[in-house]
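Take a look at the structure below.
The values are calculated or read from the model by the stated rules, or taken from the named source; none is laboratory data. Everything numeric here is computed off the predicted structure, so don't read it as measured data. Cβ placement follows ideal geometry from the backbone for every residue including glycine, while neighbour counts extend to all protein chains displayed. Quick note on the areas: whole protein, heavy atoms, side chains included, nothing else; ligands and nucleic acids left out. Shrake-Rupley method; radii C 1.70, N 1.55, O 1.52, S 1.80 Å.
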Amino acid sequence: MKNTSAGDGGAPSSSRKSHNSNGSSGKRKGGDKATKEIPVVYSHDGRLMAPTPLGAVVDDAVKRWYMEAERDAMRGDVKAMALLGQMLMEGYGCDVDVERGRQFAERARRRGYRMERRDREHVNGTACEDNAMQHGERVTADASSHGNDASSLWMDCVFQVNHYSHAKRLMEYFEDESIRHVVFPRGAFGAASKAQYLGYPRGVERTGTYLLMFENVGRTGKEWVDWMDASFLQHCVNRMFLFGGAYEDGTASSIEDVVAQLSASDGIIKEKESAPVRIMCCPRPLEKEFLDAFGDDGVFEFHPVNFTRTLHIIQKKDGSFRYCLRPACETFHTKPDGDARVAGQFCKAAGKLHEALLVTGFWDECRTKDARAIDIGAAPGGWTHQLAKDMHTVIAIDPAMLHESVAALDNVHHVQKVSQDAGPDIDRIMENATKKEVDLITCDANRDPFMLGKMLAPALKYLRPGGMLVVTLKFRGNGARNLDKSIKALSDAFTCDITGMKNLCLMANTQNERTIVARRAI
């Protein structure tokens, strides 16, 4: 166990030093540099509950601006990505993290976005600090209204996924209204929007590519691509096909009909020399057939890399085709060397925790300055590492060793015991802390689902009212048939009132896993 303890009087996580890519200590801009942080508490109507120094109010506003930018960036807002990158590199409202800041800035740059000078100046601190709150409100308003001019141009969006199970999980996210607005682009769905399975394309085996269509969706095609480029869904959606909206689409019964209809369209021949085209088909082998059908003297000049337009084509189960010619900026396909599910992840398991916290809306709650968590069955430390990035204190419980890089983290406390015997150690770690409860309890242990209740029950007394519980159920063979019985056994073992228990099939779950989320009753 580490000699450092959580007995710091509840000091905020911002008081700890971080290190940038050059190894220097990270510093934070946006408030008092050397003074102790003063809590800023607002009433329900936005007024301060007690007299508070102006510097503390400004510092709190800047931090909230940073958290809003990070939240929107994780949801795919390209403007927020650029803003977040600059904030991280400058330490504005956060600790300096140059490497992570460059990653977000590069993502925004790849999507064609450049920050305006006035925005860079605000982040660099040349604007008045007492305008920080107003500036944060302006940025949030701009991000939420971005693209409204095109929202009336409803279009259809088709996801090509690896397997039917992925399409089913996406459908579940769409049908759950509490999750839909978190997972998908904001403002993308209206009263007429719906999702439907298109099935396996003709000629594709039942274990391969599957198509799921979202009908009558809003936002522009580029905004959908920007969102997907930053979303955790990019790891299961291979390609995205867009039809309609600002660009006319068509249907045809054969490859020859598609070629004939496009050849007869006005304006295409005039653009041939200046607008090379890339063909993107599902199923993919059709791309060669279409290239052969168009021929070298056809209406298009084709190029797989240097293109300005993309021809989206899908073949349905009945053999018919749907196609649409769109700008290159509305092209999404998974990169062969795609990013990790979570930047800087210790192992793949981090993707499950990140997704679970994101879709439940607990992402922001667990990232406050004094947030604390208990990770049961923590070794080798994948979830512990992920939690330690954003939380003040993480208590990792497991008799086995943590990976040395995880055990070395200042805010990680390893209790090398089974959870049933860890109570005295947890009490000792938290004895000097102002907050004696934790906000989150997690468990990704590779144990029989029927045994997890006994592991979790002793720790539940430390979970604050309203706190979140995230547990992975791992089945073997046909064990998933006992899912309902496993959930009931888990619930029966709890020693406190648990509410809102939900069974999630995350995109990051394997076919033999389910994730259970719940809260302690208030």
Residues located in region 492-501, provided they are surrounded by 13 or more Cβ atoms within 10 Å (Cβ to Cβ) and at pLDDT below 80 = 493, 494
Where residue 512 falls short, out of the listed (1) under 27 Å from the mean Cα position of the chain (by Cα); (2) free of Cβ contacts under 8 Å to residues at least 24 places away in the same chain; (3) farther than 19 Å from residue 437 by Cα; (4) open to solvent by 60 Å² or more (accessible area, probe 1.4 Å) = (2)
Selection status of residue 354, farther than 30 Å from residue 485 by Cα and of a type outside the set (D, E, K, R) = no
Of the residues that make up region 257-272, is at least one touching a Lys or Arg at 6+ places or on another chain (Cβ under 9 Å), more than 15 Å from residue 314 (Cβ to Cβ) and at pLDDT below 90?
-> yes
From the options 522, 441, 487, 429, residue that is over 30 Å from residue 164 (Cα atoms), in contact with a strand residue (DSSP E or B) (Cβ under 7 Å, 6 or more places away or on another chain) and surrounded by fewer than 21 Cβ atoms within 10 Å (Cβ to Cβ) = 522
Matching option when the condition is under 25 Å from residue 433 (Cα atoms), at pLDDT 80 or above and among the hydrophobic types (A, V, I, L, M, F, W, C), among 81, 49, 67, 87 = 67
Which one of these does residue 369 not meet: (1) more than 17 Å from the chain's Cα centre (by Cα); (2) of a type in the set (D, E, K, R); (3) closer than 26 Å to residue 501 by Cβ?
-> (3)
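Might you check whether a residue that is touching a residue at least 60 places away in the same chain (Cβ under 8 Å), in a strand (DSSP E or B), farther than 22 Å from residue 79 by Cβ and of a type in the set (Phe, Trp, Tyr) occurs anywhere in region 183-202? Can you show your working first?
Filtering region 183-202 down to residues touching a residue at least 60 places away in the same chain (Cβ under 8 Å) leaves 183, 185-186, 198-202.
With in a strand (DSSP E or B) added as a condition, the list becomes 198-199.
Filter once more, so that each one left must be farther than 22 Å from residue 79 by Cβ: 198-199.
Then keep just the ones that are of a type in the set (Phe, Trp, Tyr); that gives none.
The answer is no; no qualifying residue exists.
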Per the filter on region 231-249, residues open to solvent by 10 Å² or more (accessible area, probe 1.4 Å) and out of contact with any strand residue (DSSP E or B) (no Cβ under 6 Å at 6 or more places or on another chain) are 232, 234, 235, 246, 248
Answer with yes or no whether residue 385 is closer than 23 Å to residue 519 by Cβ, of a type outside the set (Val, Ile, Thr) and crowded, with 23+ Cβ neighbours inside 10 Å.
-> no
Is at least one residue of region 455-476 open to solvent by 50 Å² or more (accessible area, probe 1.4 Å) and at pLDDT below 80?
-> yes
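In this structure, is residue 75 at pLDDT below 70 and touching a Cys at 6+ places or on another chain (Cβ under 8 Å)? First the steps, then the outcome.
Details: at pLDDT below 70: yes; touching a Cys at 6+ places or on another chain (Cβ under 8 Å): no.
Judged against the criteria, residue 75 is not a match.
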Restricting the first residue to region 464-476 and requiring it to be under 17 Å from residue 368 (Cα atoms) and in contact (Cβ under 8 Å) with a residue 12 or more places away in the chain, which pairs with a second residue that is open to solvent by 10 Å² or more (accessible area, probe 1.4 Å) and of a type in the set (A, V, I, L, M, F, W, C) meet a Cβ separation below 6 Å and a spacing of at least six or different chains?
-> 465/522; 466/522
Given (1) modelled with pLDDT under 65; (2) over 25 Å from the mean Cα position of the chain (by Cα), residue 142 misses just (2)
If we keep just the residues of region 396-412 that are open to solvent by less than 50 Å² (accessible area, probe 1.4 Å) and in contact (Cβ under 8 Å) with a residue 60 or more places away in the chain, which is nearest to residue 377 (Cα to Cα)?
-> 397
